[in-house]
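Novice: Have a look at this one before I ask anything.
The values are calculated or read from the model by the stated rules, or taken from the named source; none is laboratory data. These numbers come from a predicted model, not from an experiment. No Cβ is skipped: glycine too gets one built from the backbone with ideal geometry, and neighbour counts run over all protein chains shown. The accessibility values were calculated without ligands, DNA or RNA, using every heavy atom of the protein model including side chains. Shrake-Rupley method; radii C 1.70, N 1.55, O 1.52, S 1.80 Å.
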Amino acid sequence: MRIVVIGAGIIGLACAYALVRDGHDVRVVDRAPEGDRTSFGNAGGIAVTEIVPASVPGLWKKVPGWLVDPLGPLAIRPGHAPRLAPWLRRFLAAGREVDRIAAALAALNRRVYDDLVPLLADIGLSGDLHRVGALTLYEREAACLADRWEWELKARHGFAHETLTGEEARALEPALSPRIARAIYDPSWSHVSDPRRIVDGLARWLREREVPFHQAEATALDPKLDRVTISLDDGTAGDADIVVVAAGAWSARLAASVGDRVLLEAERGYNTTIPDPGVAVTRQLIFAERKFVATPLSIGLRVGGAAEFAGLDAPANYARSERLAKLAKIYLPDLATEGGSRWMGNRPSTPDSLPVIGWSPGKGRVIYAFGHGHLGLTQAATTGRLVAGLLSGATGDIDMEPYSIARFAR
């Protein structure tokens, strides 16, 4: 089939890769195919055990403290709050469906390595995957105990873990401060050398197979009986047998043009990448109480996290990047924070933490693949295989209903 993939981030490129592998004629459309997008600047973790939704019972009690803390993990710009209200209502409701959502996320994440490892081999980057686990770190014993139900939930879905003392954690990562009282070692987690290398490697693999990249922004879709017409902001239009919408946080606009409603927010993440950090870290460190991570990349130590809701068009607040670096120094006391590069990206986040993967209801020529939130890199290869499988009828044993965009029409 002639297929247009809208979006040249990690999800779109993984979809294009899987479709080309299945023999389809693929084109990629993106307003900035070479731009610095969310896929480049993420924390680089392959977070296969991340199956607990962002909304959990009792979370609302923590929100006021986070909002007033300048180093806190959450910020909402006042001007965006009214537009955020429908998403927030659905987000709070998702906290009553933790078991269902966790089961749906686990179904995707259990097959991540089966899809990701061969993809990396195909693009020549097998050595960029570091399967050394991760450490989730706690300052207080009470905080670790409060999270025990999450670790037990993960264990029920087949993801093992090991509880460590602070001393045992420092034996694994000597750069850590004595502030750490408890840690969880997660052996299933991994990280990559640099997420940008994965994006560039996929784009290179596609271009080597003569997949064209068209620089323009898709503004609307018009599905017809035999094709989909695509309107572009450069004044041109194209068509295809099938269109895959993988435009990240911008996907809701295209879904609306088809008549599909979705609750999707640009959850902004910030980070600082420090090329010469002065400390040695061997695996991703997740600071549970402060909600940020530190990842050893080939280009330096990346310290990232935070969730800011401000809409797609508001200017970045890079003070949050700088605060993350200062926060990391509390836990990595010898960290040299000078010379870091700042970044902000728009995570495409749904209120129930589940991605949107599947056909447009009643519009059989549009497939959606967006809304992965913090798990875009983790779930990209699997999403690509599922999108290709929707055309071939080979989605394996995964029930696709939880990921349908139709859930937002209810």
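Novice: Is it the case that region 371-385 has a residue that's more than 19 Å from Ile51 (Cα to Cα) and surrounded by 21 or more Cβ atoms within 10 Å (Cβ to Cβ)?
Specialist: Checked region 371-385: at least one residue is more than 19 Å from Ile51 (Cα to Cα) and surrounded by 21 or more Cβ atoms within 10 Å (Cβ to Cβ).
Novice: State the number of residues belonging to region 290-316 that are in a loop (DSSP other than H, G, I, E, B) and out of contact with any strand residue (DSSP E or B) (no Cβ under 7 Å at 6 or more places or on another chain).
Specialist: Qualifying residue count, region 290-316: 5.
Novice: With the structure loaded, tell me whether Thr337 is among the hydroxyl-bearing types (Ser, Thr, Tyr), surrounded by 24 or more Cβ atoms within 10 Å (Cβ to Cβ) and over 23 Å from Val56 (Cα atoms) or whether it fails that test.
Specialist: No, not satisfied.
Novice: Kindly indicate whether Val20 is at pLDDT 95 or above and touching a helix residue (DSSP H, G or I) at 6+ places or on another chain (Cβ under 6 Å).
Specialist: So Val20 fails the test.
Novice: Further, regarding this structure: Which pairs do you get when a residue that is free of Cβ contacts under 8 Å to residues at least 40 places away in the same chain and open to solvent by 10 Å² or more (accessible area, probe 1.4 Å), found in region 268-295, comes within reach of a residue that is among the hydrophobic types (A, V, I, L, M, F, W, C) and in a strand (DSSP E or B), reach meaning Cβ atoms under 8 angstrom, with the pair 6+ apart or on two chains?
Specialist: none
Novice: Here's a follow-up. Every residue in region 126-164 that is open to solvent by less than 40 Å² (accessible area, probe 1.4 Å), touching a strand residue (DSSP E or B) at 6+ places or on another chain (Cβ under 9 Å) and within 23 Å of Ala103 (Cβ to Cβ), please.
Specialist: Ala134, Thr136, Asp147, Trp151, Lys154, Phe159
Novice: Answer with yes or no whether Tyr113 is closer than 30 Å to Ala18 by Cβ and either out of contact with any helix residue (DSSP H, G or I) (no Cβ under 7 Å at 6 or more places or on another chain) or among the hydroxyl-bearing types (Ser, Thr, Tyr) (or both).
Specialist: For Tyr113, the condition - closer than 30 Å to Ala18 by Cβ and either out of contact with any helix residue (DSSP H, G or I) (no Cβ under 7 Å at 6 or more places or on another chain) or among the hydroxyl-bearing types (Ser, Thr, Tyr) (or both) - is met.
Novice: So, one more: In region 10-51, which residue that is under 19 Å from Tyr368 (Cα atoms) and within 11 Å of the chain's Cα centre (by Cα) is most open to solvent (accessible area, probe 1.4 Å)?
Specialist: Checking each candidate, the answer is Thr38.
Novice: Across region 251-267, what is the total count of residues that are crowded, with 21+ Cβ neighbours inside 10 Å and either of a type in the set (Gly, Ala, Ser) or in a strand (DSSP E or B) (or both)?
Specialist: Here the count works out to 6.
Novice: I would also like to ask the following. Just need a number here: residues in region 76-115 that are open to solvent by 10 Å² or more (accessible area, probe 1.4 Å) and either among the acidic types (Asp, Glu) or under 23 Å from Asp194 (Cβ atoms) (or both).
Specialist: Final tally of qualifying residues: 5.
Novice: Take region 386-410 and flag every residue that is within 17 Å of Asn109 (Cα to Cα), open to solvent by 10 Å² or more (accessible area, probe 1.4 Å) and touching a Leu at 6+ places or on another chain (Cβ under 9 Å).
Specialist: Of everything in region 386-410, those that are within 17 Å of Asn109 (Cα to Cα), open to solvent by 10 Å² or more (accessible area, probe 1.4 Å) and touching a Leu at 6+ places or on another chain (Cβ under 9 Å) turn out to be Thr395, Gly396, Ile398, Met400, Pro402.
Novice: Also, quick follow-up: Checking Arg207 against (1) in a loop (DSSP other than H, G, I, E, B); (2) modelled with pLDDT of 95 or more; (3) surrounded by fewer than 17 Cβ atoms within 10 Å (Cβ to Cβ), which test does it fail?
Specialist: Looking at each condition in turn, Arg207 falls short on (1).
Novice: Spot the failing condition for Glu167; the list is (1) surrounded by 15 or more Cβ atoms within 10 Å (Cβ to Cβ); (2) without any contact (Cβ under 8 Å) to a residue 24 or more places away in the chain, and only one is missed.
Specialist: Condition not satisfied by Glu167: (1).
Novice: Open to solvent by 30 Å² or more (accessible area, probe 1.4 Å) and modelled with pLDDT of 95 or more: which single residue out of Asp241, Asp226, Asp186 fits that description?
Specialist: Being open to solvent by 30 Å² or more (accessible area, probe 1.4 Å) and modelled with pLDDT of 95 or more holds for just one of Asp241, Asp226, Asp186, which is Asp241.
Novice: Which one is farthest from Asn271 (Cα to Cα), of the residues in region 61-88 that are among the charged types (D, E, K, R) and touching a residue at least 60 places away in the same chain (Cβ under 8 Å)?
Specialist: It comes out as Arg83.
Novice: Let me ask something additional. Within region 148-194, restricting attention to residues that are over 23 Å from Leu332 (Cα atoms) and in a loop (DSSP other than H, G, I, E, B), which residue is nearest to the chain's Cα centre (by Cα)? Show your work before the answer.
Specialist: If we filter region 148-194 for residues that are over 23 Å from Leu332 (Cα atoms), which is where we start, we get 148-161, 188.
So of that shortlist, the ones also in a loop (DSSP other than H, G, I, E, B) come out as 157-161, 188.
Working: His157: 20, Gly158: 21, Phe159: 19, Ala160: 22, His161: 22, Ser188: 17 Å.
Out of the qualifying residues, it is Ser188.
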